[in-house]
Amino acid sequence: MEALAVTIDQAREEGRQAFRDGLSGSRKPYPTTTPQGQAWVDGWLEAQGERAEAERNGTWNTPASEASANCEAAGVSGNALHERSTSPAAGQTGQPQPAAGAFSAQSTGAAMKVTKVKHAKGDVEIRWTAEEGLSSTRETKLKCTDTPRNSFSEVFQGFKPLAGRLLELPESWLDEASVIGVSINHESDERRGLVVTLQRSVESANSPVTLNTPHVREQLPGDDDNQPWMDGDLVEQIEQMDREAQAYVNGDRQQGDMFAGGQGDDKPVADSGAATGGGSTDQAA
């Protein structure tokens, strides 16, 4: 009965607004079998298509909350590459914004799943996937030189002892190593898998040694206990990293906090390095 109280045009506009508000296309308030339900889906897809077309044509006006001179992003949808270089919005130059640098997952209209975090030589790179349309996903990569909050760097380097255990490395070797990458895969049964990348300088070579941990997976009820699953500490570390990465994507960074309220007294962790300068975009793979 509720659907009948809403006109087709109203339902379509609700769907369009739902996309703008970051709601998933699967969260329609009306049954798909009703005209209102189909109109809502049509509106959601229309709004998504309009944004994608504007991004392809370079006519998308980046909201101020997504603007940062130090960040660029690239997204892959099917075979089409959508690139957007974020820069200060018109009239905002020199005006600090509390949410400066945000490239919200809400722009895809769905919840994000972080798949990769890299932090080395002053650059932060985060990849995530989000639902696009009703049956496909879109991968987006954000690369920034904005310095992350201290909590981000601490959680990121917190994978080091866990990686050391997986690689059975001596503590003396591990002390001089740094985490430079964390890769998280999401399987169809909702379990996660993890690979951590470590790097360490060695006296015998001009380039550092880079090591990847073996791929480890999250254990689900009913799984064989004799398999090498993630332990509880590793699962918790992934969840913390996911929260920190999402916060960074949405603009919660050291620079942003300083602009917002003078609270930005965090210092970058030495393993991760400070960030200055501009950003660059590579195609997400």
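Just so it is clear, none of the values below were taken in a lab; they were calculated from the coordinates. Bear in mind the structure is a predicted one, so any value in this text is a computation, not a measurement. For neighbour counting, all protein chains shown are included, and Cβ atoms are generated from backbone atoms with ideal geometry for every residue, glycine included.
Miscellaneous remarks
- Peptides 240-251, 31-42 ranked from most to least packed by the mean count of surrounding Cβ atoms within 10 Å: 240-251, 31-42.
- Normalised alpha carbon radius of gyration of segment 114-199 [divisor 2.2 N^0.38 Å]: 1.25
- Candidate lysines for bridging to Lys121, where Cα separation is under 29 Å - those fewer than 8 sequence places away on the same chain excluded: Lys113, Lys141, Lys143, Lys160, Lys267
- Listing Phe19, Phe156 from fewest to most neighbouring C-beta atoms within 10 Å gives Phe19, Phe156.
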